[in-house]
Each structure stands twice: as structure tokens, then as C-alpha cells.
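Since every read-out is calculated from the coordinates, none of them should be taken as a lab result. If you're wondering where the values come from, they're calculated on a predicted model, not measured in any experiment. As a convention, Cβ positions derive from the backbone with ideal geometry for all residues, glycine included, and neighbour counts pool all protein chains shown.
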Amino acid sequence: MHLPSHPEDDPRPLPPERPNDEDCCQSGCSPCIFDLYSEEMDRWRAALKAWEAREAARRPPRR
């Protein structure tokens, strides 16, 4: 696996911004803005997990 040589080339993923409660129209949309937010959170968690693995691979092993 190729890792960026500098951590600044691979910044920690930022979580998506949660919609405000008033952003939902309460009309039962499919998908609701909060459904989309939930999907974004799932993608962010996966990206964060991958980033954490890359960060761990960059560090020398502990003795």
C-alpha cells in the first residue's frame, strides 16, 4: 500500500455537518435529509477507520 509521505498530504477526515432540526420539512421525504446525513456519517466512519489504519502504518512499531 502506498502511503503519502507527509501527514499533511493525508489529513484526518472531518465529520459531516449535522443538519439543523428545522432543515427537515417533516413531510416524510424519502430520503429525508437525516437519512442522507446518516449515510454521510457511515461514509465518514469508514474513511476515518481507513485513515487511522494509515496513520498506524506510518508510525514505527513500539518496543
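General remarks:
- Summed over segment 9-63, residues that are acidic (Asp, Glu) and in contact with a Lys or Arg (Cβ under 9 Å, 6 or more places away or on another chain) total 3.
- Close pairs (6 angstrom Cβ cut-off, 6 or more residues apart or separate chains): among the hydrophobic types (A, V, I, L, M, F, W, C) in segment 17-29, outside any loop (DSSP other than H, G, I, E, B) and surrounded by 10 or more Cβ atoms within 10 Å (Cβ to Cβ) anywhere: Cys24/Ile33
- Among the residues making up segment 8-27, those that are in a loop (DSSP other than H, G, I, E, B) and under 21 Å from Arg43 (Cβ atoms) are Asp10, Pro11, Arg12, Pro13, Leu14, Pro15, Pro16, Glu17, Arg18, Pro19, Asn20, Cys24.
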